[in-house]
Amino acid sequence: MCGFISIFGPPGSDVVRDALSGLLAIQHRGQDAAGVVAFDKKFETKKGLGLVREVFQQKHLKRLAGPAVVAHVRYPTVGTGSGTDVQPFTIDFPLGIAMAHNGNVTNFQQLKRTYFRQRNIHLHSDCDLEAVLYVFAGALVAARGSDPITPQALQAAVAEVFRVVKGAYSVVGYIAGAGMFAFRDPYGIKPIIMGERHDPDGPTFAVASESVVLDVAGFERHRDLAAGELLWIDEARKPQFFQVGDRPHRPCIFEYMYFARPDSTLDGISVYEARLESGKRLAAAWRETGLEVDAVMPVPESARTAAQTMAEELGVPYREGLVKNRYVGRTFIMANDELRRDSVRDKLNPIRSEFEGKRVLIVDDSIVRGHTSRQLVKIARQMGAAKVYLASYSPPLLHPCLYGIDMSTKRDFIALDRSVEQVAEELGCDYLLFQTIDDMVAATNAHAAHEIEFCKACFAGEYPTGDVTQEMLHDIEHDRLSAAGTDSGGGS
Ligand code: AMP
């Protein structure tokens, strides 16, 4: 997963600071690299490995200025990622385009071997955004001839991207001197939302991965892009929407469970409300077990919201027995297993009085490889817990995500080929409860204006793009295994 924000303000304005505060608001979507491309009379770029606050300093703001900006934070899907793959990307010829995306192109390697080779296009990075960028630019140039950019030419370019580039991708970009564009993959798997702000010199528009970015930078009138939709805002600054794709909308459900911030609303559903509801449903399932608990305890941060309603429903105290060191990165994103295991202890410190002699129910958003849970069970026992129960408000993860969430390789999933009892035994806990897929979906839809059918491939193994073959799964597994510990970039 990655995060992006693109802003387009009136002539003479400078939106780079807004973009940087937007990036800070979506730092949780990628901590590996950050980049900004600003356009005034030409593109100016600053990118680097690390957190937003490490990559950008005051001195960069002298050079980076202008009314148009494309910005990105990266979380590499494969390997640890390298400097050459940091987004946004730009091209200067035959058109000036800056672009960033969130997602994963599933036929990237195949396109390199066929589509690009036939056209003599040499990609210079391992980042799949290049595939989107070159297909888009080539088709746009072919469609417009020597005329200015028209909505028709843009629609033709996006249609060609949809025809050629498979997988999931939400894209934002700017065409030098012409306008800002954004589009969402045909199945709308990745989130993307537009907002508008009324500045003294005219309207300013922003498109971002999550609504929290728009809130932070003062943008209102939020509108999600539909699956397969194109947004174009030219110099006249009137947003124009075009429906280019015709596939069913299947947004990623894991965004609600884990990835997005609780203060974001994606496709009209509040992430916070989805998690509150998840906790309620998990409580109902827990009641069925007949097991009594003295406290419900979240694994901070993501699980807090669901743990609160779970405790409320069960009528037992909600307790914060695990204190998070907020300066340690997300454990899952650590480059290798050794780092990951150690960092659980660095990241979460227990409060003994919340465990000693108590039957504690620890709630997490998900269990992937089980490293976090195994460590936490151990810590809880060391702290003298009488019983250690675990509950995950996501169902067991069993299938690799091909659309941009790093689910690692299939063979790492702790729940693969194991019954829930066997997983509990592996983790060393006294009882383990997973949310069911039906409850997860019902919880997420509970406050939706219209019921949504989600992509839940990582839980159920059904891939909405319909083009995922066993061979592809095998290749991706192979790529991820051989890339582990290397510098390959992959999707984002
Ligand atoms: P694990 O320790 O491998 O079982 O990972 C589970 C923990 O990682 C949970 O506490 C989640 O909060 C977090 N997590 C789950 N999925 C992801 C992901 N795709 N990227 C980053 N973190 C994740």
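Every number here is computed from the coordinates shown, using simple stated rules; none is lab data. Predicted, not measured: the structure shown is a model, and the values here were computed from it. Every residue, glycine among them, receives a Cβ derived from its backbone with ideal geometry; neighbour counts consider all protein chains shown.
A few comments on the model shown:
- Ignoring aspartates and glutamates fewer than eight residues from Lys358 along the same chain, the ones with Cα atoms less than 12 angstrom from its Cα are Glu292, Asp294.
- Placed amide H near Gly167: partners under 5 Å, 5+ positions off or other chain: Thr106
- Couplings 3J(HN,Hα) of the stretch 209-222, computed from phi: 6, 9, 5, 4, 5, 5, 4, 4, 8, x, 8, 10, 6, 5 Hz, in residue order, whole Hz [Karplus 6.51 cos²θ - 1.76 cosθ + 1.60, θ = phi - 60°; x for Gly and Pro].
- Computed over the chain, Kirkwood Rh from alpha-carbon pairs, angstrom: 23.1
- For Lys46, a cut-off of 28 angstrom between C-alpha atoms picks up these lysines, skipping any fewer than 8 places away in its own chain: Lys59, Lys62, Lys112, Lys190.
- The stretch 1-138 shape via C-alpha gyration tensor axes, a/c threshold 1.5: oblate
- For the stretch 2-249, the Cβ-based charge dipole about the Cα centre amounts to some 480 debye (Lys, Arg positive; Asp, Glu negative; other atoms uncharged).
- Reduced Cα scattering model of the stretch 375-471, Debye log10 I(q)/I(0), q = 0.23 Å⁻¹: -1.22
- Remark: the stretch 265-462 carries a charge dipole of roughly 740 debye about the Cα centre, counting +1 on each Lys and Arg Cβ and -1 on each Asp and Glu Cβ.
- Relative to the compact-globule estimate of 2.2 N^0.38 Å, the Cα radius of gyration of the stretch 2-249 comes out at 0.92.
- Computed from Cα atoms, the angle from the helix 129-144 axis to the main principal axis of the chain rounds to 30 degrees.
- Relative contact order for the chain, counting Cα pairs under 8 Å that sit 6 or more residues apart, in percent: 16
- A cut-off of 5 Å between modelled amide H atoms, ignoring neighbours fewer than 5 places along the same chain, links Gly188 with Gly228, Arg250.
- Principal-axis analysis of the Cα atoms of the chain puts helix 16-25 at an angle of about 20° to the longest axis.
- Counted by neighbouring Cβ atoms within 10 Å, the residues Thr289, Thr204, Thr444, Thr45 run from fewest to most as Thr289, Thr45, Thr204, Thr444.
- Selection from Leu24, Ser13, Leu64 lying farthest towards where the dipole of the stretch 1-66 points positive, charges on Cβ: Leu64
- Taking packing as the residue-averaged number of other Cβ atoms within 10 angstrom, the listed peptides 211-220, 98-107 run from highest to lowest as 98-107, 211-220.
- Placed amide H near Leu433: partners under 5 Å, 5+ positions off or other chain: Leu390, Ala391, Ser392
- Here the average projected area of the convex hull drawn through the C-alpha atoms of the stretch 93-228 stands at 8.8 nm².
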